[in-house]
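Colleague: The structure is given below, and queries will be raised subsequently.
The values are calculated or read from the model by the stated rules, or taken from the named source; none is laboratory data. Keep in mind that this is a model prediction, so the values were computed, not measured. Here the Cβ is made from the backbone with ideal geometry for all residues, glycine too, and neighbour counts use every protein chain on show.
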Amino acid sequence: MLRFDPFSDVDALTRGLMTGSMTGTQRTPRFMPLDLYKVDDHYMLVADLPGADPGSIDISVDNGTLTLSAQRSAPSDEGVQWLSSERFAGTYRRQLSLGEGIDTSRITADYDNGVLTLTIPLAERAKPRKIEVEAKGRPEQIAAHAE
């Protein structure tokens, strides 16, 4: 199971506003938008990373926290007179808390056309299963004979 803490994003935003890191230039990425949904016995995480350098994508799991990060390089400023600079460059980073029922050793990732897709399988112990009920034989009646 994945746990979602809606207040972690608010806390990060508040910290960013207090330290000024979220108020940087227009060329600094502020977040990594993602979708998260469950299909059968696994979760799918789909994150937008437009223009990210594929070699810079880093995915790690540490103590139940999944961390995604990627780098998008800025073009060189040398000899350039900018007329407009609206595209983000810098580091994208996102963290999610994983629940107990995730098989972290089988997480897979694919990056295609600026979209990062992670398949996050449930651990065998967390998958729903049917428990068979074993019916014992009916108690036999014991016939007693008087002698």
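Colleague: D48 is checked against (1) surrounded by 13 or more Cβ atoms within 10 Å (Cβ to Cβ); (2) at pLDDT below 90; (3) under 25 Å from D112 (Cα atoms); (4) not β-branched (V, I, T) and fails just one. What number does that condition carry?
Modeller: Every listed condition holds for D48 apart from (2).
Colleague: Right, another one. If I ask for residues that are of a type outside the set (A, V, I, L, M), modelled with pLDDT under 85 and surrounded by fewer than 15 Cβ atoms within 10 Å (Cβ to Cβ), which ones from region 74-96 would you list?
Modeller: Correct list: P75, S76, D77, W82, S84, S85, E86, R87.
Colleague: Collect the residues in region 51-73 that are loosely packed, with under 13 Cβ neighbours inside 10 Å, small (G, A, S) and under 21 Å from L122 (Cβ atoms), keeping them in residue-number order.
Modeller: Passing the criteria: only S60.
Colleague: Here's a follow-up. I'd like the residue in region 37-49 that is hydrophobic (A, V, I, L, M, F, W, C) and farther than 14 Å from I107 by Cα and, out of all such residues, is nearest to the chain's Cα centre (by Cα).
Modeller: A47
Colleague: A further question on this structure: Across region 64-94, what is the number of residues that are of a type outside the set (S, T, Y), under 30 Å from I107 (Cα atoms) and touching a residue at least 60 places away in the same chain (Cβ under 8 Å)?
Modeller: Total meeting the criteria: 5.
Colleague: Take T104 and decide whether it is touching a residue at least 40 places away in the same chain (Cβ under 8 Å), of a type outside the set (A, V, I, L, M, F, W, C), over 16 Å from M32 (Cβ atoms) and in contact with a strand residue (DSSP E or B) (Cβ under 7 Å, 6 or more places away or on another chain).
Modeller: Against the criterion (touching a residue at least 40 places away in the same chain (Cβ under 8 Å), of a type outside the set (A, V, I, L, M, F, W, C), over 16 Å from M32 (Cβ atoms) and in contact with a strand residue (DSSP E or B) (Cβ under 7 Å, 6 or more places away or on another chain)), T104 qualifies.
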